[in-house]
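The next block holds one structure in the form of structure tokens; read it before the comments.
The values are calculated or read from the model by the stated rules, or taken from the named source; none is laboratory data. What you are looking at is a predicted structure, and each value in this text was computed from that prediction instead of being measured. Glycine also receives a Cβ, built like all others from the backbone with ideal geometry; neighbour counts cover every protein chain displayed. Keep in mind that these areas ignore ligands, DNA and RNA; they rest on the heavy atoms of the full protein, side chains included. Shrake-Rupley method; radii C 1.70, N 1.55, O 1.52, S 1.80 Å.
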Amino acid sequence: LAWTLWAIGSLAILALSARLTRDRSRRLRIDRDLRESEQQLSLALRGADLGLWDLDVASGQLTVNQRWMSMLGMDPNGPKPTLGQWRELIHPQDADKLEPLRQSFASSGSDHDFDTELRMRHRDGHLVWILAKGVVVDRADDGLALRVVGTQMDITSRKLAEEALQTTVRRFQTVLSNLYGGILLVSPDGQ
């Protein structure tokens with residue numbers, strides 16, 4: 001009886017040990033896959049020069065990556081901004097662009113992606129154009145957004161180039177208008 005109990009106990013210990021080993025191997029594989037995914041995401045964000053943000057809507061807690069911070073001149077290793085601090089950085093004329101986004105967070109049927117261009121104040125005082133994109137990734141049972149995740153890209157150079165192009169087009173139109181207007185004023189007999 002003792003030998004039988006010892007054999008059954010030994011088998012139970014071996015089976016438990018084998019299961020623990022399989023579970024540990026599976027957990028290690030999952031951890032490795034997670035690290036690889038995190039590394040791929042980090043490399044993709046760095047390659048695309050994107051800042052990453054994650055907003056817990058209920059608490060207003062904003063989690064951002066280092067690139068997000070550096071775009072606005074903040075210390076990448078410093079304290080992370082709150083939602084209120086983020087709002088304070090937005091140019092007052094662009095604050096109205098946030099209202100449709102806030103409404104889409106409150107609407108239970110709109111899990112569509114959003115994007116908007118905002119001017120934000122850099123730490124040294126100049127304005128930075130930001131393209132913010134995001135999506136509601138978690139909603140409460142009543143449909144209200146719980147979590148919104150997205151990226152931001154510094155598009156200042158693009159916006160400055162657009163403004164320069166528009167200025168050039170306006171000048172060209174003025175020159176053409178003056179030239180065309182002058183041609184119309186010339187009579188057929190040259191007067």
Going 7 Å from the Cα of residue 80 toward and past its Cβ, which residues in segment 42-62 have a backbone nitrogen under 13 Å from where you end up? 52-57, 59-62
Residue-level accessible surface for residue 115, protein heavy atoms, 1.4 Å, Å²: 100 Å²
Arrange the residues 57, 137 by how much accessible surface each exposes, largest first, with a 1.4 angstrom probe. 137, 57
What are the ³J(HN,Hα) values, in whole Hz, obtained from phi via the Karplus relation 6.51 cos²θ - 1.76 cosθ + 1.60 with θ = phi - 60°, for each residue of segment 55-65 in sequence order, with x given for Gly and Pro? 10, 8, 4, 4, 8, x, 6, 10, 10, 9, 8
At 222 nm, what helix-only mean residue ellipticity would the chain give, in deg cm²/dmol to the nearest 500, using -39500 (n - 2.57) for each DSSP H run of four or more? -18000 deg cm²/dmol
Around residue 41, with a cut-off of 13 angstrom between Cβ atoms, what is the net charge of the other residues, counting Lys and Arg +1 and Asp and Glu -1? -1
Need the full-extension length gain, residue 21 to residue 127, defined as separation in residues times 0.36 nm minus the C-alpha distance. One decimal, nm. 32.6 nm
Would you list, by chain and number, the lysines whose Cα falls below 24 Å from the Cα of residue 80, excluding same-chain residues fewer than 8 positions away? 97, 133
Run the dipole for the chain about the Cα centre, Lys and Arg Cβ at +1, Asp and Glu Cβ at -1, nothing else charged, and hand back the magnitude in debye, nearest 20. 820 debye
Carbon/sulfur fraction of accessible area - segment 1-94, other protein chains in place, 1.4 Å, %: 59 percent
Those helices of the chain passing the 20 Å axial Cα length cut-off and the mean Kyte-Doolittle cut-off of -1.0 (DSSP H runs only) are 2-48, 156-185
Near the amide H of residue 146, under 5 Å away, which other amide H atoms are found, from residues 5 or more places off or on another chain, if H is placed in the peptide plane? 138, 139, 140
For segment 1-58, what does the accessible surface come to per residue with a 1.4 Å probe? Please give it in Å². 86 Å²
Rounded to the nearest whole number, the Stokes-Einstein translational diffusion coefficient of segment 8-98 at 10 °C and 1.306 mPa s (Kirkwood radius, C-alpha pairs) in µm²/s is 93 µm²/s
Give me the percent relative contact order of segment 1-115, please, defined on Cα pairs under 8 angstrom at least 6 residues apart. 12 percent
